[in-house]
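This report concerns only the one structure given below.
Read-outs throughout are calculated quantities, based only on the coordinates presented, and are distinct from any laboratory measurement. Because the structure is predicted, anything quoted here is derived from the model rather than measured. Quick reminder, even Gly has a Cβ in these numbers, built from the backbone with ideal geometry, and neighbours come from all protein chains shown.
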Amino acid sequence: MPDITFRHPERRDHTVYAVAGSHLEPILKIARRNNIPINFDCQDGQCGNCLVRVTSLHPHGWKAGPLTEREQHVLLELGKISRADIERMAVDDLPTQWRLACQMIVRDEDLLVEYEVA
Ligand code: FES
């Protein structure tokens, strides 16, 4: 299972080892279990408060799943992605770095998750 490093501009990096079964959990749930203070509200992909920037540290690039429809809608509203980005993601099958922590499910890849970077 992967290591997830949480980074905040004013705090030390905090790396957690995602335990078995966490591949079914969103980043926000893993963060909360490890006392990482990522902002959140709805936990349902609607408010955008849990915006994070995610970088894959996997040597062969992204294994992350695609953005959910809710993520696409909210990230468009926040101006973090464009319609062209959505079209490109559909072709390339590569997500953007901007994600909603309550929606992105961790897969078997090491990640850097930056929060409060908006
Ligand atoms: S907590 Fe509202 S979108 Fe994630």
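If R0 is 22 Å, what FRET efficiency do you get for Arg70 and Thr15 from their C-beta distance, rounded to 0.05?
Working from the Cβ atoms, E equals 0.20.
Ranked highest first by average number of other Cβ atoms within 10 Å, how do 94-102, 75-83 line up?
Final packing ranking: 94-102, 75-83.
Can you find, among Met89, Thr15, Cys47, the residue farthest towards the positive end of the dipole of the chain? Put +1 on the C-beta of Lys and Arg, -1 on that of Asp and Glu.
The Cα lying farthest towards the positive end belongs to Thr15.
Residue separation times 0.36 nm, minus the C-alpha to C-alpha distance between Ile105 and Gln46: what's the value?
Extra length available between Ile105 and Gln46 comes to 19.6 nm.
If you project the alpha carbons of the chain onto their three principal axes, what span does each projection cover, largest first, in Å?
34, 31, 25
Which FRET efficiency value, to the nearest 0.05, do you get for Glu87 and Thr5 by plugging their Cβ-Cβ distance into 1/(1 + (r/R0)^6) with R0 = 35 Å?
My answer for the efficiency is 0.70.
For the chain, what does the helix formula give at 222 nm: sum of -39500 (n - 2.57) over DSSP H segments with n ≥ 4, over the residue count, nearest 500 deg cm²/dmol?
So the calculated ellipticity at 222 nm is -6000 deg cm²/dmol.
Hey, could you grab the Kirkwood Rh for segment 61-118? Inverse mean 1/r over distinct alpha carbon pairs, Å, one decimal.
The answer is 12.0 Å.
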